[in-house]
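Right, one structure below, let's go through it.
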Amino acid sequence: MSTAYDEMATGQGALRPHWRNIMATVWGMPPAQLAEKQARAGAHLAHADEFVAIYGREPKRAPWSIDLLPLILPEDEWRVIAEGLAQRARLLDLVLADLYGEQRLIADRLVPPYLVYANPAFLRPMRHVGQAGGAGHLQVYAADLVRMPDGGWRVFADRTQAPSGVGYALRNRRLLARTFPEAFRVYPMRRLQPFLDVWQASLQRLGMHHGDDSRAVLLTPGPYNDAYFEHVYLARELSITLAQGSDLTVRDNVVYLKTLEGLLRVDVIYRRVDGEYCDPLELREDSALGVAGLVDAARAGKVAILNLPGSALVETPAIAPFLPSLARRLLGEELKLPAVTTWWCGQKAAIDAVRASLGSYVIRPTFDPGQKPVDPAGLSRDEQAGLLARLTADPEAFVALERVVHGVAPNLGKDGLSPRPIVLRVVALWNGSEWSVMPGGVARVVEADDMYRSRLLHGGVAKDVWVLTTEEQDVRTPSAPMTPARAHRSAGALQSRVADDLFWLGRYVERLDAAARVFRAVMNRLTGGGLGPRDMAELARLAGAMQRNGWISATIAGSPVDGRNFAGGIAKAATAPEGVVQDCLDAIRRLTFTVRDRLSLDMWRTLNHLLDEVRGQLVAADGDMDRLLDALDDLIRGIAAFAGLAAENMTRGAGWRFLDIGRRIERGMAIANTLAPVLRGPAAQLEIGLRLALELCDSTITYRTRYPTELHPARALDLVVADASNPRALMFQIVRLRDFIETLAPSPGFEAARTLVRELIRTVMDFSVESVEKVQDAMPVGPVVEMLDRIAGDLTALSEMITHTYFSHVVTAHPLGFAPRPARETLPA
């Protein structure tokens, strides 16, 4: 650290001028208050929903923490960085244009052929493919910078593939402003939001050559990607559609978004999928992330892609030694922001220098940025000899970087302030006329191997980056020409995949609710302080309902309800990894990630509470029924909160409609599958079944309010089966389904679904008339049970119809032969 540049203090130990205000604020706080703020900032980040990436059963949270102290850059210093970054972006764009075009740089020996033709990032199908509208290959560029001991900034790595960082910077700024607002009052700093405004205008301008009403999408690999939170955030901030490869299709060299309403043309794609995965037809054939025909669409100029696939060609550190001469050739300028000293070992002078002083360098592969770098100074003599042998045998495959002494910034830790090495990620954007640099970025404390990898997926200690300013209007926001348009309400395009996921999210939430209510009913009786004959009869019927739904085995259901095996089996079924509760929680976790951009933050947090807090309570209960009951109560409250937020916060569009269709189908099936076994039994015990039916349908209070007299079978069954005003009644679900299906776009299978729902309504109405008007004191439940069984099967069939009609998009197969062909029905996209 003795030779490292210190961001806060001079070599004489004095504070740099731009650090004085914030340090006065820090030192003016009681240590306990400062520690509490730091702890809260860390807690907010640790529980930040946006930073969760899903891997398998449990989420994998990136190993991030945040420092309360930002990295502060004076205005004049930032201007040097921004100018150098803009020049470097222009240069790399010109290099890409040449290497994918005439390749004069190779012919003139300014770029070694090996760095192009042997580079896996060189995508040959992208030769002579230009950007739609005449834009460049590079539209978004990022660089990782390090502060050298002399105070100058150097580029440590170029990011031209699908650079991340903007979402991280916005997140850090928001979090720090929340936990440490005092610091923001003492500095005039550049805001980050105007950069997004520039970006949004740039996307609109790129698509305008196809028409005034252009459409842009963000192509994401999906929720399993470590930066998925950033994809969701940026899609919302830029007002573009978040799409996966399966959401897009290419017809006649035009890219379309597959929606419930049909195909919608896409003019601009901001890709966050690596270039080689973008098109399984021309690039990587085993890719399931891209869109078949996308390269052809780009070749035909029908879609603009940010950045064009293949732009990662210039990410290799081996290109750095050649950039100064390339800048003089292509720009007529000296390179303003050079890289750290880098040697490509494919040159004789470079390999000789590395051999002569192996311990002075860090060795990296030429084309594999994710591979762990090798520090020869930490190797034994035999290991160093082996490394030299590999370098001699295949020198072109290696790059040597000078051993960098990173600049340090103050870090607030448990033991107070300490200097820590940092890397700074900055991002630039082509806005149609010039490169705009985001006035801030992501600073990251790096240690050990991360000092030579500098990828955000490796996590670390994050620091907000403040760029000071004296200007009131600190960022110019060029806007695209605004065309006159008549205001009209639109529900927005809903991808078929998203509709499918929302449908199943609704189903799994309701399935979880139904299971939790039955488990709670059983455990309430088991913990009631002794089982009487009535309790045992109720438990036997509840066990039958749980077995029918597949929640417990026949062995447990057949065990004596007053025995240990039954109680232990119930407790285990409620918490087992393969049980219904955990299975639903896993499905909800997967689905909430895939529809993250369709859920409000409150809805997202409510579901995450179910997924994290309640799951933890269930596991911590360890079979204790008192604690299990607390967890189930919390679970049911959380589901009710989610349902309320869906009802109050979601626009009544196709997304909300399919979410509620899934809920109504699942709730209807749960009512039918639960009431049928509960009502079965001797006629003398009918009252037991009826009371259970009212309890499980949450209708006991309603019944007592309406009918203060004794329990009447017809009235009780009418309330839970045929009352269209009771949200927990079977008829309510079917009527809502009818209303929803009537509003869906007609498609093949639509009439069959509508007819089935109407038949269900007639079935329940016939039951209602007979039970209420003709039955006085008692009624046989056999026909009722048969009706419930039939309705459960019909609802299952309805679910399959909706899936086939609106989600699967499979055209009905016809046998080959000479029979007349039926008229072909047109399916939605």
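Some points to look at:
- Test: residue in segment 678-694 that is more than 19 Å from residue 497 (Cβ to Cβ), more than 26 Å from the chain's Cα centre (by Cα), of a type in the set (Lys, Arg) and at pLDDT 90 or above: yes
- Within the span defined as segment 232-252, one or more residues are within 22 Å of residue 300 (Cβ to Cβ), open to solvent by 30 Å² or more (accessible area, probe 1.4 Å) and part of a loop (DSSP other than H, G, I, E, B).
- If the condition is being farther than 12 Å from residue 312 by Cα and either among the small types (Gly, Ala, Ser) or touching a Leu at 6+ places or on another chain (Cβ under 8 Å) (or both), then segment 127-139 contributes 129, 130, 131, 132, 133, 134, 135, 136, 139.
- Number of the exception - residue 301 against (1) within 19 Å of residue 137 (Cβ to Cβ); (2) in contact with a helix residue (DSSP H, G or I) (Cβ under 9 Å, 6 or more places away or on another chain); (3) open to solvent by 10 Å² or more (accessible area, probe 1.4 Å); (4) assigned to a helix (DSSP H, G or I): (4)
Residue by residue, here is whether (1) modelled with pLDDT of 85 or more; (2) closer than 30 Å to residue 224 by Cα holds:
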position	(1), (2)
404	yes, no
415	no, no
435	yes, no
445	yes, yes
452	no, yes
456	no, yes
471	no, no
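- Any hit, segment 356-364, residues being open to solvent by 30 Å² or more (accessible area, probe 1.4 Å), in contact (Cβ under 8 Å) with a residue 40 or more places away in the chain and in a helix (DSSP H, G or I): yes
- Residue match in segment 162-180 (condition: more than 31 Å from the chain's Cα centre (by Cα), on the phi < 0 side of the Ramachandran plot and either small (Gly, Ala, Ser) or open to solvent by less than 30 Å² (accessible area, probe 1.4 Å) (or both)): no
- Scope segment 680-691; condition surrounded by fewer than 23 Cβ atoms within 10 Å (Cβ to Cβ) and either of a type in the set (Gly, Ala, Ser) or assigned to a helix (DSSP H, G or I) (or both); matching residues: 681, 683, 684, 685, 686, 687, 688, 691
- Subset of segment 35-48 [modelled with pLDDT under 90, open to solvent by less than 20 Å² (accessible area, probe 1.4 Å) and assigned to a helix (DSSP H, G or I)]: 41, 45
- Index of the failed condition, residue 666 passing every other in (1) open to solvent by 50 Å² or more (accessible area, probe 1.4 Å); (2) acidic (Asp, Glu); (3) within 21 Å of residue 512 (Cα to Cα): (1)
- Among the residues of segment 249-269, the ones that are closer than 13 Å to residue 292 by Cβ and either among the hydroxyl-bearing types (Ser, Thr, Tyr) or within 18 Å of the chain's Cα centre (by Cα) (or both) come to 2 in all.
- Residue that is open to solvent by 20 Å² or more (accessible area, probe 1.4 Å) and aliphatic (A, V, I, L, M), where the choices are 552, 556: 556
- Of the residues making up segment 205-231, just one is among the acidic types (Asp, Glu) and crowded, with 23+ Cβ neighbours inside 10 Å, namely 230.
- Residue count for segment 390-404 satisfying the condition of being touching a Lys or Arg at 6+ places or on another chain (Cβ under 9 Å) and open to solvent by less than 60 Å² (accessible area, probe 1.4 Å): 8.
- Number of the exception - residue 654 against (1) touching a Leu at 6+ places or on another chain (Cβ under 8 Å); (2) at pLDDT 90 or above; (3) closer than 29 Å to residue 721 by Cα: (2)
- Filter result for residue 631 (assigned to a helix (DSSP H, G or I) and loosely packed, with under 14 Cβ neighbours inside 10 Å): no
- Matching residues, segment 112-138, being hydrophobic (A, V, I, L, M, F, W, C) and open to solvent by 30 Å² or more (accessible area, probe 1.4 Å): 118
- Unique residue being open to solvent by 40 Å² or more (accessible area, probe 1.4 Å) and at pLDDT 95 or above when the list is 61, 104: 104
- The one condition in (1) within 33 Å of the chain's Cα centre (by Cα); (2) outside any strand (DSSP E or B); (3) not β-branched (Val, Ile, Thr) that residue 110 fails to fulfil: (1)
- Residue match in segment 306-324 (condition: open to solvent by 10 Å² or more (accessible area, probe 1.4 Å), more than 30 Å from residue 213 (Cα to Cα) and in contact with a Leu (Cβ under 6 Å, 6 or more places away or on another chain)): yes
The values are calculated or read from the model by the stated rules, or taken from the named source; none is laboratory data. Bear in mind the structure is a predicted one, so any value in this text is a computation, not a measurement. Heads up, the Cβs are rebuilt from the backbone with ideal geometry, glycines too, and the neighbour counts pull from every protein chain shown. The protein model used for the area step is the full one, side chains on, heavy atoms only, and it has no ligands, DNA or RNA in it. Shrake-Rupley method; radii C 1.70, N 1.55, O 1.52, S 1.80 Å.
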